[in-house]
Structures are given as structure tokens and as C-alpha cells.
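The values are calculated or read from the model by the stated rules, or taken from the named source; none is laboratory data. Note that the structure is a prediction, hence the values are computed from the model and not measured. Positions of Cβ are generated from backbone atoms using ideal geometry, with glycine treated the same way; all protein chains shown enter the neighbour counts.
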């Protein structure tokens, strides 16, 4: 169960991060850039409030490399969902190939443990 907390926190963190990075492209398109930046920073505060504890908890369980690969895979999954459901964009087949390469990276970083 302890191994699950960093994964859950990183997933929630990535939901905030993805919206902070890309949500303004849909929701604040007509707003001034400075406003979009300030709103994104505010959202990023929540992202960091989850990401920092996730890495603190996770570092005692996983190696630094494992945490990084885990975070990248979570980011790809969250971004795919965000792109499809929120931004209404289609993912190309290249996204699938990139995802498969990330699975390969996870295999190599986790296989020794």
C-alpha cells in the first residue's frame, strides 16, 4: 500500500500540471498572456503541493530514476486523456509508439529491483 501513495500523488499532481500548462489554450485564449501566466502559476501551486510529497515518500521506496520514469509515464497517460477528452484533439499513432518506448524505459529502470 505504501508504494501506491507516490503513484496516486504523482497522478493527481500531473492532472494539475497538465491543466496549468495547456488548459489556458482553450479556456483563456482571448485573455491577456499575463493573466494566463498568473492563473497557471496558481494552479501549479497545487501541482507542487502534491508532487513534492510524492517524491519525498517515493524516494524511500523507489530510486530517483524509477520515480522519474514513473512520472513521465503518468504524464503521458494524463496528457493523452486531457488531449482527447478536454481539448478534443486526436492522438496520432506516433503517440502510441512513444508510449511503447516509455514502457521499455520502465522495464529497464525497474528490472534490477
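Worth pointing out:
- A single entry from 31, 88, 26, 68 fulfils the requirement of being in contact with a helix residue (DSSP H, G or I) (Cβ under 9 Å, 6 or more places away or on another chain), at pLDDT 90 or above, within 16 Å of residue 6 (Cα to Cα) and exposed (fewer than 15 other Cβ atoms within 10 Å of the Cβ): 68.
- Among residues that are touching a residue at least 24 places away in the same chain (Cβ under 8 Å), under 21 Å from residue 1 (Cα atoms) and surrounded by 14 or more Cβ atoms within 10 Å (Cβ to Cβ), residue 110 is included.
- When residue 55 is tested against (1) touching a helix residue (DSSP H, G or I) at 6+ places or on another chain (Cβ under 9 Å); (2) modelled with pLDDT of 95 or more; (3) part of a helix (DSSP H, G or I); (4) over 19 Å from residue 109 (Cα atoms), only condition (4) is not met.
- Among the criteria (1) part of a helix (DSSP H, G or I); (2) surrounded by 14 or more Cβ atoms within 10 Å (Cβ to Cβ), the one residue 62 does not fulfil is (1).
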